[in-house]
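Notes follow once the structure below has been shown.
The values are calculated or read from the model by the stated rules, or taken from the named source; none is laboratory data. Only a predicted model underlies this, so the values are computations on that prediction, with no experimental measurement involved. Heads up, the Cβs are rebuilt from the backbone with ideal geometry, glycines too, and the neighbour counts pull from every protein chain shown.
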Amino acid sequence: MNFPTSRNNVLKKFDDFIKKNILDYNKLRNFDFGIQNRKNISSLSPYVSHGIISETEIINKVLKKHLFNKTDKFIQEVLWRIYWKGWLELRPMLWNDYLIKLKSLNEKYKTNENYLNALEGKTSINCFNDWVGELKENNYLHNHARMWFASIWIFTLKLPWQKGAEFFLKYLLDGDAASNTLSWRWVGGLQTKGKNYSAQSWNIEKFTNKKYSNVKLIENALPLMDKREYKVTEIENTSEDQKKNNLIFFESDLNLKSYNVDSYKNVYCLLLDNDKRKIKLDQKVLDFKREILRNHIKSISKEIKFLENSESLNLFNQTKEFDVIYPSIGENMSFIKHLRKTKNINFRFVKNDKDLFCWKFSNKGYFNFKSNIPKIISNFKLS
């Protein structure tokens, strides 16, 4: 698959999808026709997850051309990412617990043959092996394939979901702490307690257009169990603090039009290398992030300094006060919190009003969020 890294090319690709394919999305979205035929889906997730195109822009573009009742499934799928982000923002300890558990599993599975065979696509399940190869080669999987993959990993191969989520986050161009972690929990039956997603052979055969048949799976596994409950907490609010002269943003939100970037004396863009990440990314994913950043910076009139590796640490040794475009729970936020603690730096978070509006509906399950989609869309249209 080809994923362009310039915003103009992304918009052209999306406009083409709206014009030719979106009205068939409801009936064709679950089919994985293979990497050479992705016209039934938008493949926008690598750009949404980096803020190259926002959910607001996507939905407004769609509704300018088509009625909501003709495109409701597509719009719901776009909003899932905001819901997951809001859900994790309100329960940040889950991410901390995930990283702690992952660390404890690393040594145990370092030499585990079943695990290593899964990573190399050397299991007895051909479709799973092909998806491993596709993920490593293209850094992308169809959403339905991700669900099948996770179910097979957890229930048939009996591997810990935390290591599967790590594998996805390493290789996916659209890897996102909230969507990835919570989707794996959902498949396992932890997100909606007692209700897991179990991949079925007939389902794989139907929605791969009979590419795979008679797949031998454990199809009646019980959901995973975890007695921990994550209570809703308030999102940290630093907006009332005094505005700083320096602004930092990460690759996770390049939607700079939502922020008054020109009002800052200095603007810095940071990309964390693997030395500063808990979960190491595939080099192709890092290269994609780097190219997207460089292309996007060129399109901004304001001078922006792109920092990576030791350059960012030098900056924090010299300057102690920054505004930060809110990076959300994940690696970038963990980095900011570490700097706060170790270098005594004063950060003021700058948040996206659209996200904050949506996140207040993420305090419960998705059906509560879904019932508020008309309100969310009305809010989006105000932009």
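Sub-6 Å Cβ pairs linking a first residue in the range 14-37 that is without any contact (Cβ under 8 Å) to a residue 60 or more places away in the chain to a second residue that is hydroxyl-bearing (S, T, Y) and part of a loop (DSSP other than H, G, I, E, B), at least 6 apart or interchain, are F17/S42, ordered by first then second residue. Applying the criterion of at least 3 residues that are without any contact (Cβ under 8 Å) to a residue 24 or more places away in the chain and more than 24 Å from the chain's Cα centre (by Cα) to the strands (runs of 3 or more DSSP E) found wholly in the range 265-354 leaves an empty list. Kindly indicate whether L141 is part of a helix (DSSP H, G or I) and either aliphatic (A, V, I, L, M) or assigned by TED's automatic domain parsing to the domain that holds N40 (or both). Spelling it out, it is not the case that L141 is part of a helix (DSSP H, G or I) and either aliphatic (A, V, I, L, M) or assigned by TED's automatic domain parsing to the domain that holds N40 (or both). For S104, are the conditions met, namely being hydroxyl-bearing (S, T, Y), closer than 17 Å to W161 by Cα and exposed (fewer than 15 other Cβ atoms within 10 Å of the Cβ)? Taking the combined requirement at face value, the residue satisfies it. Can you find even one residue in the range 55-76 that is hydroxyl-bearing (S, T, Y) and within 27 Å of T156 (Cα to Cα)? Within the range 55-76, not a single residue is hydroxyl-bearing (S, T, Y) and within 27 Å of T156 (Cα to Cα).
Okay, residues lined up against (1) over 26 Å from G86 (Cα atoms); (2) in the same structural domain as G189 (by TED's automatic domain parsing); (3) modelled with pLDDT of 95 or more:
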{"position": "L222", "(1), (2), (3)": "yes, no, yes"}
{"position": "D241", "(1), (2), (3)": "no, no, no"}
{"position": "L256", "(1), (2), (3)": "no, no, no"}
{"position": "N260", "(1), (2), (3)": "no, no, no"}
{"position": "K289", "(1), (2), (3)": "no, no, yes"}
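Here's the yes/no breakdown for (1) crowded, with 16+ Cβ neighbours inside 10 Å; (2) of a type outside the set (S, T, N, Q):
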site: F3; (1), (2): yes, yes
site: K13; (1), (2): yes, yes
site: F17; (1), (2): yes, yes
site: F31; (1), (2): yes, yes
site: G34; (1), (2): no, yes
site: S42; (1), (2): yes, no
site: V48; (1), (2): yes, yes
site: I53; (1), (2): yes, yes
site: T56; (1), (2): yes, no
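Applying the criterion of at least 2 residues that are of a type in the set (S, T, Y) to the helices (runs of 4 or more DSSP H) found wholly in the range 154-235 leaves 177-188. Test of understanding: among N246, N214, N220, which residue is touching a strand residue (DSSP E or B) at 6+ places or on another chain (Cβ under 9 Å) and either under 27 Å from G175 (Cα atoms) or of a type in the set (S, T, N, Q) (or both)? Step by step, each of N246, N214, N220 is checked, and only N246 is touching a strand residue (DSSP E or B) at 6+ places or on another chain (Cβ under 9 Å) and either under 27 Å from G175 (Cα atoms) or of a type in the set (S, T, N, Q) (or both). Residues in the range 309-335 that are under 24 Å from D97 (Cα atoms), buried (at least 20 other Cβ atoms within 10 Å of the Cβ) and not acidic (D, E): 7 in all. Once the range 234-287 is narrowed to residues that are farther than 19 Å from H50 by Cβ and touching an Asp or Glu at 6+ places or on another chain (Cβ under 6 Å), the residue that is surrounded by the fewest Cβ atoms within 10 Å (Cβ to Cβ) is I235. Just checking, does the range 29-39 include any residue being outside the structural domain of C127 (by TED's automatic domain parsing), of a type outside the set (S, T, Y) and part of a helix (DSSP H, G or I)? Scanning the range 29-39 turns up no residue that is outside the structural domain of C127 (by TED's automatic domain parsing), of a type outside the set (S, T, Y) and part of a helix (DSSP H, G or I).
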